[in-house]
Amino acid sequence: MEEIPDPVPPILAVEGELPSGPWAYEFKWDGYRCCLRAARGGATRLTSRNGIDITATYPELGDAARATLGGRSAVLDGEIVALDERGRPDFGLLQRRHQRHSPGARLLAAQPVVFFAFDLLLLDGETLIAEPYERRRAALSGLVATDAAEQEGLAVPRYYAADEGLGPGALLDVAERNGLEGLMAKRLDSPYQPGRRSRMWLKKPLVRTQEAIVGGWQPGDGRRSGTVGSLLLGAHDDEGRLHYIGHVGSGFTEAALAGLLDALTPLARRGSPFDDPVPREHARTARWAEPRLVGEVAYRAWTRDRRLRQPSWRGLRPDKDPADVLLPAWP
C-alpha cells in the first residue's frame, strides 16, 4: 500500500476587515483545524494544527475519507466540527467528544463529527500548494461534491466570490443570523503558505475569542470546593515573554472542572511562570502550573492594561501549541 503523505502545516489567517474585489468568502466554522491525509488504497491519518495524531479520536472521519475519495491519495486542510440538532457547529459538543481518545460505538453514534474540507494541497502525488486558491478549490469540488458527503462525515462547504452579488457584509449578516463564528476572506490568486500567518487569508469573527496559556489556578470554594475556582491566563508577546492577561472563573461544566484538575495537578510548580506580576489578590492563593495547557476564552474586550474583560471559558485546545499563543497586535 502506498505511504500516507506527510502533513502540511496550516496557513493561518490574520484578523481584519473584510475586503472587496478578487476575494473568496467562506463561513468560519467553530471547530478544530485538521490536516486529513489519505494514501492511495485508503489508509488515512488526521493531524491537528500542532502536529498531534488524532486519527484514533475521530475514526469515522477515516471511514468517510475512504468512502469519499475512492482510493485516491490526497491531503486536505479543513475543520473538524460537531453539529447540533439544527445542523450548526457547536464547540461545546466537540469539546465533550474530544475528551475520549478512543471513542466507543455509543459515543460515535450519539455525537458524530464532520470534516469540513476547505482546501486541497496534494492529489495523487501532485502538490497543489503553489496553485492559486481558485484552482485548488475547483480541484477540491471535483474530488468531493459540495455538501454531498456530509452525511458520511466529509463535506466541502461552498465559497462565495465577489461577482456573485453577495458581498462580505451580507454574508456576515447570514453568519450572525445562523449562529456561525464569522467569515473568512481568501484571495482568489493566493498560493497556500504552509505554517505562515498570511494576509492572503483574513478572518472576521463574530464572537471574540482568545487562545490563552494556563499558568496557574485558584482553588474553588462553596460548590466548587476541592476543584478549580478560576484559571490564571497568559499569552506571549513578540519576544516570547509570557504576559498575564487575566483570570477566568465562568463557563465551566462539572466535567471540564474535573478534567482541568486532572490535567493541572502534574504540572504543579513553585513559582509563577509569567514574566510580569500577577495581581496580589490572585497570586496570593494561586497554585502555579507549567505553561503547557492551551485553552480558549470568549471575551467582551481588552482593557487598557491588556487584560481580558469578562472572559468565559470555552475549553482546552489540545490542537494548539503554547508557543503559538500570542497577544493581539495593539494599535
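FYI, it's all coordinate maths here, none of it is from the lab. Since we're looking at a predicted model, the values are computed, not measured. Neighbour counts run over all protein chains shown; Cβ positions are idealised from the backbone, glycine included.
Worth a mention:
- Acute angle (nearest 10 degrees) that the helix 133-143 long axis makes with the longest principal axis of the chain, alpha-carbon atoms: 70 degrees
- Net charge of neighbours whose Cβ lies under 11 Å from the Cβ of residue 134, counting Lys and Arg as +1 and Asp and Glu as -1: +3
- Residues 247, 282 in ascending order of nearby Cβ atoms (within 10 Å, fewest first): 282, 247.
- Two-decimal Rg to Rh for region 91-218 - Kirkwood Rh, Cα set: 1.00
- In region 12-205, one over the average inverse separation of all distinct C-alpha pairs is 17.1 Å, which is the Kirkwood hydrodynamic radius.
- Across every pair of non-identical alpha carbons in region 172-316, the mean reciprocal distance, once inverted, gives a Kirkwood radius of 16.9 Å.
- Summarising the strand pairing of region 206-331, around 95 percent of its internal DSSP beta bridges are antiparallel.
- Sum of -39500 (n - 2.57) over DSSP H runs of 4+, divided by residues of the chain (222 nm, nearest 500): -5000 deg cm²/dmol
- Residue among 214, 113, 228 with the largest mean-square fluctuation in a Gaussian network model of the chain, springs linking Cα atoms under 10 Å: 228
- Couplings 3J(HN,Hα) of region 259-266, computed from phi: x, 5, 4, 5, 6, 7, 3, x Hz, in residue order, whole Hz [Karplus 6.51 cos²θ - 1.76 cosθ + 1.60, θ = phi - 60°; x for Gly and Pro].
- Among beta bridges from DSSP that stay inside the chain, the antiparallel ones total about 90%.
- Net charge over other residues, Cβ less than 9 angstrom from the Cβ of residue 275 (K, R count +1; D, E count -1): -1
- The Cβ shell under 11 Å around residue 299 holds other residues with a net charge of +4, Lys and Arg each +1, Asp and Glu each -1.
- Principal axis dimensions, largest first and in whole angstrom, of the chain by Cα: 59, 46, 37
- Ranked by how many other Cβ atoms sit within 10 Å of their own Cβ, fewest first, the residues 284, 187, 269 fall in the order 284, 269, 187.
- Interchain or long-range residues, amide H under 5 Å from residue 122's placed H: 75, 128
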